[in-house]
Every structure is written in structure tokens, then in C-alpha cells.
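Working notes, structure below.
Every number here is computed from the coordinates shown, using simple stated rules; none is lab data. Since the structure is predicted, the reported quantities are computational estimates derived from the model, not experimental observations. A quick note on method: Cβ atoms are made from the backbone with ideal geometry, for glycine too, and the neighbour counts reach across all protein chains shown.
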Amino acid sequence: MKILIVTPYLGYNYGGPAKSVIELVLETGNQGVFVDVVTTNANSYENLSVLLNKWIYKKSYRIRYFSCWNKNDLIISPSLNIWLFNHVIQYDLVHTNTIFAPLISLAHWACQFHQVPYIITPRGMLEPWALSYKAHKKKLYYNLFEKSALQQASAIQVLASSEAEQVKSLGFQNSIIVPNGIHQKQFETLPEPELFYQNFPATRHKNLILFLGRIDPKKGLDLLAPAFAKVHSKFPQTHLIVAGPDSIDFIPTVKNYFKQAGCLNAVTFTGMLTGSIKQAALAAASLYVAPSYSEGFSMSVLEAMASGLPCVITTGCNFPEAAAAFSAHVVDIDADAIANALIECLKNPQEAQLMGMKARQFIFQNYTWEQAAKKLLKTYREIINKKSIQNIELEHNII
């Protein structure tokens, strides 16, 4: 079984979606499947410094980068498109990531031309908020390209049950739920928070509330500003950490949200955190907040819950299972609702701590990359076997 993964980007500036692609690829390869990844060197305002047009061998997969032109989320790579058209025929199945991307649309066309089955992972781009953002352009593109591509896909991989319902409401019946995950070993023991305090001394001796995610309009930072102002007025020792990359120069706007709310002096913007310093931030925090309007399925929420943090997330995070398991506060997409849930956690720290412990076990039991890869591989095999049976039937009909 030879699988080709296609994604427009893997640069760290694109946050969780890029990371989740590689994590799933790594675990899929670990289970004995031949996996290739093709992508571009896009990384928002800059390009990745990587070897181009050559296979790079990783532990359990190969990856090939192609040069591109990119502006904001528009990525164009003629060399990758040519390669795809000439090589998709060598694979049993192609798995693409995201939609509303010309590069991915051309990949779907190449698969259709060569009759190679493909799976699409929209990564939250079919959610109502995402469809409404720049709606006129998306509606045209959807009708011209995406609708047909989704109809002809062998499967649509969604990341959450609520996303599956949305996909079904659009008229597609071929969705499968394979959520993101975590590596349990990375969260069994968190480091001491001292590394984080050394890098951001203003956070020492504070009651830290952590936001981890891209600095982007859909992340709900306009809601978090007044929510945190309300929290900070009642609990002056609270301090908000806003950690994440800014790929669209949105930080000045975000800082103005907090300035207008009157709490900018109690907010630290760290930029993107990775590795040991991110683990230290999770260890230093008392609470985690995700005020998003829309998510595919947040890696950061999973990581925070796996760290045992009490979490306040919105319904836009697409994680109703967390509410059903009483392992997170899942609230409406509303500043007061976010603030009230944070205040409840601060007023009742023991109850919040118990919820965090429950969240940790819930994630360990249900949301690991190993579990996700096994489910995805089962789908791959079913699709490939179905095509083989169809080919045999076609040969018999010809005879």
C-alpha cells in the first residue's frame, strides 16, 4: 500500500494544522505503511530553508518540498502541480489536506484524470464561520471546484462529530471521523515551569491563563479581551499568556483589543512556543482558554487537556465530547460566557483541578495519534480494496 499525502504547507507559522499532518503521517508510517509527503516551502512571510525537489528520508516516511509563490494563505507551486500530474498514478491512494487552495484543487484533478482514489481532509474549512469568512470568493470557488471534488472523493476525513454533521448538511454522505491526537509519553510528566519564567519574567508569581494558537481572526481574541478584562478586575493576580505565530500581521489589531478593554498591561505576547518552552508554559499555567469562532479540531486544546489543565473552550472548537465527559467547560461563543467560566474555575480551584485531571485521562484514553492512525489505515485499506474489486469486475466484463 503506497499512500501520498499532499498539503500546501508544513511551515511552523501555520500552527496546528501543519503539525497534525506530520504527526499523523509519522504514526501511519510507524505502522508499516509506505507514505510519501509532498508540500511547498511556504512559511507565511518567509520560505522554509529546506532541500527542494529531492526526497528527504525521515524515520517512517519520505518528504519532498517544492518551491512556491505565496501571499497570506494563497500558495502557488507550478513545479509541485506538474510533479503531481506525472506521479499520482504511482500511488494506491492520495490524501489531501485543506480546501479552497488552487494547489489542492489541481491535485484532485490529477487524481480524477488518472482514476486514483483520494481522501480530502478539509481541516475545518467547511465550518459555518469559515465559509462565511470572505464568503463571496469562497462561494464562487466552492461551486466551481470544491463541490465536485468533495462529491468524487472516496472519503472526507473530518476531525470531530460536529464537523461530520456540518459536512452531511452540505449534502456529502462519505465522511469519516478521525480526530487529531497527542503522544501520551510527552504529557505523562511535565517539566518544571522555571524555563518559561526565565524567558518571560513578568509572568512569575502570577495566576496564568494560557491561550495557544495562531494569531488569527477566527481564534476569537476579540472576545477574549473583554472576557479577560472582566476576569482580571475580579482576580488582579491573573495574567494572560497569548502564545502563537502571527502569519497575517494581526498582532497590532489584537493588542488594540486588549488596550480598549483596559487590560493590556496584564497580557504577555510570547510569539510561537515549541518544544520544552511550550511544555514549561503548560506547566506554568493554571487555566487554558480557547475562545475560537471556528476550529477543525484544536491540537492546542488536546495538549492543554493532556497536561491536566482546566480548560474553557467555545462550541466553535468542535469538541462536544469534552462537555459530555465533564472534562472541560464548553461555552457559547460569547465574551461573557467565556469570562464566567474562567471566573468559576478561579473561584473553585479544587473543582477546576479535578476537571483537569479528568480531562487528562479522557485524552489519554481516546485521543492519541496511534488510535487515529489505526482508524485512518482501516479506511485506506477499505478504499483500496474496493478499487481492486471494481477493477477485477471491469476486467471480467471486458472478457
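Can you flag which of Lys19/Lys374; Lys71/Lys374; Lys168/Lys386; Lys19/Lys139 are past 30 Å Cα-Cα? Over 30 Å Cα-Cα: Lys71/Lys374. Taking a ≥ b ≥ c as the square roots of the eigenvalues of the Cα gyration tensor, region 185-366 is rounded, since a/c falls below 1.5. Dividing the helix sum by the residues of the chain, where each DSSP H run of 4 or more adds -39500 (n - 2.57), gives a mean residue ellipticity at 222 nm of -14000 deg cm²/dmol.
If you take the Cα centroid of region 150-196 and the Cα centroid of region 245-309, the two points sit 20 Å apart. Packing, taken as the mean count of other beta carbons within 10 Å per residue, orders the peptides 244-255, 95-106, 166-177, 280-291 from highest to lowest as 280-291, 95-106, 244-255, 166-177.
What area, in nm² and to one decimal, does the C-alpha convex hull of region 194-242 cast on average over all directions?
Working: hull surface 14.8 nm².
If you wrap the Cα atoms of region 194-242 in a convex hull and average its projections, you get 3.7 nm².
Would you be so kind as to identify which of Leu52, Gln166, Pro122 lies farthest towards the positive end of the dipole of the chain, taking Lys and Arg as +1 and Asp and Glu as -1 on Cβ and the Cα centre as origin? Going by the charge dipole, the pick is Leu52.
Net charge near Leu80, counting Lys/Arg +1 and Asp/Glu -1 over other residues with Cβ under 14 Å of its Cβ?
Numbers: positive: Lys54, Arg64; negative: Asp36.
Taking every Cβ under 14 Å from that of Leu80, the sum is +1.
When all alpha-carbon pairs of the chain are counted, what percent fall beyond 33 Å? Can you show the working numbers first?
Values: 25825 of 79401 pairs.
Value for the chain (Cα pairs over 33 Å): 33 percent.
Report D for region 301-390 in µm² per second (integer): Stokes-Einstein, Kirkwood Rh on Cα pairs, 20 °C, 1.002 mPa s. My calculation gives 145 µm²/s for D. For Ser247, nonlocal amide neighbours, meaning residues 5 or more places apart or on other chains whose placed amide H falls under 5 Å from its own, are Ile215. Within the same chain, lysines fewer than 8 places from Lys259 are excluded, and of the rest, those with a Cα less than 24 Å from its Cα are Lys206, Lys218, Lys219, Lys230, Lys234. The charge dipole of the chain, taken about its Cα centre with unit charges on the Cβ of Lys, Arg, Asp and Glu (plus for the first two, minus for the last two), comes to roughly 460 debye.
In region 185-366, a dipole from Cβ-located charges (positive for Lys and Arg, negative for Asp and Glu) runs towards its positive end, and of Ala304, Leu210, Thr238 it is Thr238 whose Cα lies farthest in that direction.
Computed from phi, the 3J(HN,Hα) profile of region 27-36 under the Karplus parametrisation 6.51, -1.76, 1.60 (θ = phi - 60°) reads 6, 5, x, 4, 8, x, 9, 7, 10, 10 Hz, with x in place of Gly and Pro.
Charge tally for His329 (other residues, Cβ to Cβ under 15 Å; Lys, Arg +1; Asp, Glu -1): -4.
Taking amide H atoms as placed 1.01 Å from N in the peptide plane, the amide H of Leu93 lies under 5 Å from those of Lys2, Leu4, each 5 or more residues away in sequence or on another chain.
Taking the longest Cα principal axis of the chain as reference, the axis of helix 275-284 is set at about 40 degrees.
With contacts defined as alpha carbon pairs under 8 Å and 6 or more residues apart, what's the relative contact order of the chain in percent?
Working: 763 pairs, mean separation 59.7, N = 399.
Reported as a whole number, the value is 15 percent.
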